[in-house]
Every structure is written in structure tokens, then in C-alpha cells.
Amino acid sequence: MIEAPRGTKDILPNEIKIWHFIEEVSRKIFEIYGYNEIRTPIFEFTELFMRGIGEFTDIVNKEMYTFQDHKGRNLTLRPENTASVVRAYLEHELNKNLPNAKLYYLGPMFRYERPQAGRQRQFWQIGTEAFGSDNPGLDAEVIAMILHLFSELGISNLETHINSVGCNSCRNDYKLDLVNHLSPQKEELCSDCKVKLNKNPLRILDCKRKNCRSLASKIPSIDLSLCKSCKEHLDQVCDYLKELNINYIVNPYLVRGLDYYTHTTFEIIDKSLGAQNAVAAGGRYNNLIAQMEGPDIPAIGFAAGIERIILSIKNSFTSNERNDDNKSIYLATTSPKAHLAGIKIIQELRKAGFMVNMDWTSKSLKSQLRRAHKLRANFTIILGEEEISKHEVEIKNMKDGNQIRVSIDKLNEYFVKKFYVEGKLV
Ligand SMILES: [Zn+2]
Ligand SMILES: [Zn+2]
């Protein structure tokens, strides 16, 4: 039997509700903050990611799904969405055509990584990108939006970590600093970090290996190298966060795994998740658009993995705290003639917006009622030939077992009252 490839997962009907919930809440919150959805292709030219994410990052070096098409073009399944959104932004000149270039996305990404809890090879991300402003207040707005989103999702007890990775000039000073500090201990670094020392020393701070981590912890942090204007930018982000009553921790070792960040970087952390505890992360990337041959336009964005959000929601809620919003009806019939009449009745209920299931296996009434329980139907309509002759149905309340006769003409009215008036939806 063929199974799904390692690192991929079917999302089955019993899990889909939480996905819909996260997707709906995300769209609502992003739109409240002025973002519009963009959908970019799942694959792009490989070069886009090499240029956009950086050639010396783990993503580009080890984790991309790259293939050649029939004409020999190099294509890659997107490992993240920022490079694609920037590509689309430039290709369609959205800087000229879209007065408010705040974009959000939602979709699958692909990275060849070791699968673990909350991390698949095909994983889902939600995220936003805002173009055109380097105002530090916008950085705080993005963080406030993420915390608003998580609070709507029922996730609390989060920590906000922020830092600045500086601009091109002060970051280069810091890189030199790193090289000077680490070169004498080069032999103690892992083989990856030895390469990074020459190509991209900042990435050494991301290395998960114990030796590299302990060496990195002795390096002076980047805040000591920030230039005046980068330092001011970070201070102003903090002023806005304070104004919004958002607690935060400045973490000078937070550099993030992507090359394109400048100035603010941040992570939203859920400590209940253990080692992989960032539920959202992002930052400013004021040079990326120019680096991709576009105009000099600043931008800031974030991304969050849906699988990890689900773990976090499950940790925040106990199962019975979630509302059971199931609203459904089951039709049980006692003869083929009743089955025929029944489908007409439920068609009317479905047109009125009620969710109705019926039996298609000609089972006994008893087993139909069992199935209604399994489907957590609120009511079962029982229809036999006697009821048909009186133009009535028997309705069984599946919660208390009470039964009542209702005229077929009054069915719609009856369920509106049961579900929406007594159920307090009006
Ligand atoms: Zn600077
Ligand atoms: Zn290392």
C-alpha cells in the first residue's frame, strides 16, 4: 500500500474544524489591520530563493525541494512566502498600483527537515508583509496584530522577544567582530559553521549544535555594535509597544535564520511548546526589495506555522472548554416509501440552511438512531408511512429523548425556533 511521504500529513475531517477556525480568525484579524490577501504560486524559479533568502542559509543549502521541469528550468517548491510576495509586488508594480501595500497569505510551504511535533516537510503558514514604511510604529503594530490574533485564537501566556540586527553598515561591523572573536576558536566550530565564518558569520548564532552554542554565548551581543540610528529605531519600537501596553523582552541574540532581515526582528514564544517554542516570527527587511533589483522600499512582515499554532491552542484549552457548535438533524425512515418522501422534506430543510444527514444503507430504525447519536445530531426526524399519511413527522430530541409530532409544513419554523431562538443565536 502506498503511504503519504514522510513529513506530509493528511488533514482528516475530524481535524479540519480547527484549521477552518484558525484560517477564518486570521483572515478577519489581518483585514481589520488593513491587509489584503495575495496568493502566489507554490513553485518559483530556484534563483528567487537563492537571492531572496540568501545562498548561505540552511534553507537554501539543505532544505529546498528543487527539481527541473521538462525544459530543464530549475524550480523550487516555496520554502517560505516572503520572497514570492516581494517578487509579485515588483512584477505587478504594486508600489505604484496599490495605495496600501499590506498583504497577507495563507498556504503550504516545503522544507526538507527532520519531521517533529509541529514541523512537517509540507507545513502551513500564515503571514503578512507591509511595504513602504520604515516607521518603527509599524513594527509595533505588526506585533500588536499577532498578539491580537493569538488572543482571538485562545492562546495566552506568550512572550514577545525583540531585537535589532542593525542596518548594512553596523551589521557589517558586527560581522567583523564575530569573525575576530571566533577565528581563534575556529577548530571548535562544526563543519557548517566553519563555512559560515567566511560566508555569513551571523548565521553561527542560529546553529543548534552544543559546541557552537556555547561559543556563540560568549560573543558580544549585537546591541553593542548598533549605530545611532538603528539604536533609535529599536528604542522607538519599544516606545510604541509600551504605549500599547505590550510586554516585551529585548533579546540581543535574536538574529533569525534568514539573510534579509534588517533592524527589528521578533519572535512570539509559547513556553508550553518546549524546544521549538516560537509560534510566530518576523522582522523588517528594508534591503530585500532593492536586493531583488526593485526600488529602495522598506518592508516588514511575519510568518507563523499553523501546525504549531494548533499545538499551542491544544495546550491552552482543555477539550471541554471549547463550545460544541454542532447543529444537525438526522432523518431516519422506516420504509422505502418513507425514504422517498423523506428526501423531499430534508431538501427543503437544507435549502433553509440546516445541516441534515440521512441513511443510505437501508438499516433498521434502531441502527439509524445509533448512527444519529454517532453523528451528534441534535434531532432525529422519524418518518414512516403512518406519519406520511397524516402529513406529519416524529421528531426525537437526541439530548433528552423526548419525542414530538410536528406537521411537515411547520418543520422549518420548528427548527428555526429550536436552533436559533432557544439556542440563543438571535
Ligand atoms: Zn545601523
Ligand atoms: Zn555550528
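Summary table
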quantity: Of all residues making up the range 181-206, the number that are away from ligand 1 (no atom under 16 Å from the Cβ) and either of a type in the set (Lys, Arg) or under 17 Å from Val165 (Cα atoms) (or both); calculated: 10
quantity: Every residue from the range 392-417 that is more than 15 Å from Leu331 (Cβ to Cβ) and either in a helix (DSSP H, G or I) or touching a Pro at 6+ places or on another chain (Cβ under 9 Å) (or both); calculated: Asp409, Lys410, Glu413, Val416, Lys417
quantity: Contacts under 8 angstrom Cβ, first residue in the range 169-181 being touching a residue at least 60 places away in the same chain (Cβ under 8 Å), partner not in a helix (DSSP H, G or I) and not basic (Lys, Arg), 6 or more apart; calculated: Cys170/Ser225; Cys170/Leu226; Cys170/Cys227; Arg171/Val165; Arg171/Ser225; Arg171/Thr262
quantity: Criterion: under 30 Å from the mean Cα position of the chain (by Cα), in the same structural domain as Pro252 (by TED's automatic domain parsing) and not in a helix (DSSP H, G or I) - qualifying residue of Glu141, Glu129; calculated: Glu129
quantity: Lone unmet requirement of (1) in contact with a strand residue (DSSP E or B) (Cβ under 6 Å, 6 or more places away or on another chain); (2) assigned to a loop (DSSP other than H, G, I, E, B); (3) farther than 21 Å from Glu293 by Cα for Met109; calculated: (2)
quantity: Any hit, the range 224-241, residues being within 14 Å of ligand 2 (Cβ to nearest atom), among the polar types (S, T, N, Q) and surrounded by 13 or more Cβ atoms within 10 Å (Cβ to Cβ); calculated: no
quantity: The range 155-187, subset within 25 Å of Ser229 (Cβ to Cβ) and small (Gly, Ala, Ser), residue modelled with the lowest pLDDT; calculated: Ser169
quantity: Any hit, the range 144-167, residues being among the aromatic types (Phe, Trp, Tyr) and closer than 15 Å to Val255 by Cβ; calculated: no
quantity: Restricting the range 389-400 to residues that are among the aliphatic types (A, V, I, L, M) and modelled with pLDDT of 95 or more, the residue that is nearest to Val416 (Cα to Cα); calculated: Ile395
quantity: Failed item in (1) surrounded by 17 or more Cβ atoms within 10 Å (Cβ to Cβ); (2) not in a strand (DSSP E or B), with Ser151 passing the rest; calculated: (1)
quantity: Among the candidates Ala144, Ala140, residue that is surrounded by 20 or more Cβ atoms within 10 Å (Cβ to Cβ), more than 16 Å from ligand 1 (Cβ to nearest atom) and within 19 Å of Ala299 (Cβ to Cβ); calculated: Ala140
quantity: Yes/no for Lys218 being within 30 Å of the chain's Cα centre (by Cα), surrounded by fewer than 16 Cβ atoms within 10 Å (Cβ to Cβ) and either away from ligand 1 (no atom under 16 Å from the Cβ) or part of a helix (DSSP H, G or I) (or both); calculated: no
quantity: Any chance Ile246 is modelled with pLDDT of 95 or more, β-branched (Val, Ile, Thr), more than 16 Å from ligand 2 (Cβ to nearest atom) and part of a loop (DSSP other than H, G, I, E, B); calculated: yes
quantity: Condition met for Asp239 (charged (D, E, K, R), closer than 22 Å to Pro298 by Cβ and more than 14 Å from ligand 1 (Cβ to nearest atom)); calculated: yes
quantity: Residue, surrounded by the most Cβ atoms within 10 Å (Cβ to Cβ), within the range 195-209, restricted to residues that are near ligand 2 (Cβ under 8 Å from one of its atoms), over 27 Å from the mean Cα position of the chain (by Cα) and farther than 10 Å from Phe56 by Cα; calculated: Ile204
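The values are calculated or read from the model by the stated rules, or taken from the named source; none is laboratory data. In this text, all values refer to a predicted model and were calculated from it rather than measured experimentally. Note that we place each Cβ from the backbone using ideal geometry, even for glycine, and neighbour counts take in every protein chain shown.
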